[in-house]
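Each remark here refers to the structure printed beneath this line.
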Amino acid sequence: MIKIRTAVVDDEMPARNELTSILQEIEEVEVVAEFSTGKSFLEFLKSDTVDVVFMDIEMPVMNGIETVQTMERMSDDILNVPQVVFSTGFAQFAIQAFDLAVFDYILKPYKDERIRKTISRIRQNLEEHSKNKQVGEIIKAKNNFVIATDNKFIVLKPEEEIVLIKTLQGKLLFYTTRGILESKLLLKDVETRLSGSGFFRTNKSFLVNINMVKEIEPWFNDTFVLIMRHYEKEEVPVSRHYLKDFKSIMGIV
């Protein structure tokens, strides 16, 4: 069973406690954190992850909608952008909420059955997303990867031609066997497209082709630096957040 890591954000303690209590009664849910402000939740995302956040809309200083907008802007600086379920006592916020492509919208006072339906849909979504993406399993890509340049489209075979992908000063750079190509894509979108194709996120700025790793060198705090084929001078750090999965994939004991 997939455990759904969940956070609750609400400035009112009674409402926060009520929602947390309902969620804790659902077997597949693990409530890992509670927050009274959007700012504190965003700080949490810099060092930890959840699958879904239940977010109150009407909060002082930074309301729920502003919090989600900020979260989307900082997507390259956090480990994972969770699914968002807005909660509020006022239905008029629904249109603006769904403009942000949130997963769901629930009204206060909370109803146990309604929340369970939301969790069921989230579970189905997570299972669908992860069924072909197992840690340590590299699946060959079936499709080419196309990058648009100023005057043409470059068609690449990801496993054979893309060495690593890097964000630098707001740009996304593809290090390929044909040279370095610049793209307007976002790293998180590229990661999704290459999911299950032998590519691994080593930190917030790098996505690497596991088959192109030439050397693994010890670094400080028991982490690693990767030396890649074709680009031996480009050192790729593996942050502690991704270290366990990286060791699993590479068979490092």
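Cα-based values for the chain, radius of gyration first and Dmax second, are 20.3, 59 Å. Using the Karplus relation 6.51 cos²θ - 1.76 cosθ + 1.60 with θ = phi - 60°, the per-residue 3J(HN,Hα) values for region 232-245 come to 5, 7, 8, 7, 10, x, 10, 6, 4, 5, 10, 5, 4, 5 Hz, with x marking Gly and Pro. For Val253 and Ser195, the FRET efficiency from 1/(1 + (r/R0)^6), where r spans their Cβ atoms and R0 equals 35 Å, is about 0.85.
Amide H to amide H, with H built 1.01 Å from N, Glu235 comes under 5 Å of no residue 5 or more places away or on another chain. Taking the Cα centre of the chain as origin and assigning +1 to Lys and Arg Cβ atoms and -1 to Asp and Glu Cβ atoms, the resulting dipole is close to 900 debye.
Converting phi to 3J(HN,Hα) with the Karplus coefficients 6.51, -1.76 and 1.60 and the offset θ = phi - 60°, region 155-166 yields 9, 10, 8, x, 5, 9, 10, 9, 8, 7, 10, 9 Hz in sequence order, with x at every glycine or proline.
Helix 13-24 and the long axis of the chain differ in direction by around 60°, with both axes built from C-alpha atoms. Applied to region 201-216, the Karplus parametrisation 6.51 cos²θ - 1.76 cosθ + 1.60 on θ = phi - 60° returns per-residue 3J(HN,Hα) values of 7, 9, 6, 5, 10, 10, 10, 10, 7, 4, 6, 9, 6, 9, 9, 10 Hz, with x for Gly and Pro. By the equivalent-ellipsoid construction on the alpha carbon gyration tensor, region 1-81 comes out with semi-axes of 20, 17, 8 Å, ordered largest to smallest.
Counting protein heavy atoms only, the chain has 49 percent of its accessible area on carbon and sulfur, 1.4 angstrom probe. Computed from Cα atoms, the angle from the helix 112-130 axis to the main principal axis of the chain rounds to 10 degrees. Our helix-only sum for the chain, with -39,500 (n - 2.57) per DSSP H run of n ≥ 4 divided by its residues, gives a mean residue ellipticity at 222 nm of -8500 deg cm²/dmol. Solvent-accessible area of Asp77, all protein chains in place: 80 Å² (probe radius 1.4 Å, heavy atoms, ligands and nucleic acids excluded).
Quick one: go through region 154-179 and flag any residue whose amide nitrogen is under 14 Å from the point 7 Å out along the Cα-to-Cβ line of His230. Output list for this probe position: 154-166, 173-179.
Looking at the chain, the accessible area is 55 square angstrom per residue; that uses a 1.4 Å probe and ignores ligands, DNA and RNA.
In terms of distances greater than 18 angstrom between alpha carbons, the cross-link table entries Lys204/Lys244; Lys171/Lys214; Lys214/Lys247; Lys152/Lys188; Lys46/Lys204; Lys188/Lys233 yield Lys171/Lys214; Lys152/Lys188; Lys188/Lys233.
Full extension of the chain between Phe103 and Lys244 yields a length gain of 47.8 nm, computed as 0.36 nm times the residue separation minus the alpha carbon distance. Between the amide H of Val29 and those of Ile4, distances stay under 5 Å, these residues lying 5 or more places away or on another chain, with hydrogens modeled in the peptide plane.
Across the chain, the longest run free of exposed loop sites, meaning trypsin sites (Lys or Arg not before Pro) lying outside DSSP classes H, G, I, E and B with no more than 16 other Cβ atoms within 10 Å, spans 47-110.
The values are calculated or read from the model by the stated rules, or taken from the named source; none is laboratory data. As the structure is a computational prediction, the values presented were derived from the model and not from experiment. Glycine also receives a Cβ, built like all others from the backbone with ideal geometry; neighbour counts cover every protein chain displayed. Note: accessible area is taken over every heavy atom of the protein model, side chains too, but ligands, DNA and RNA are not part of it. Shrake-Rupley method; radii C 1.70, N 1.55, O 1.52, S 1.80 Å.
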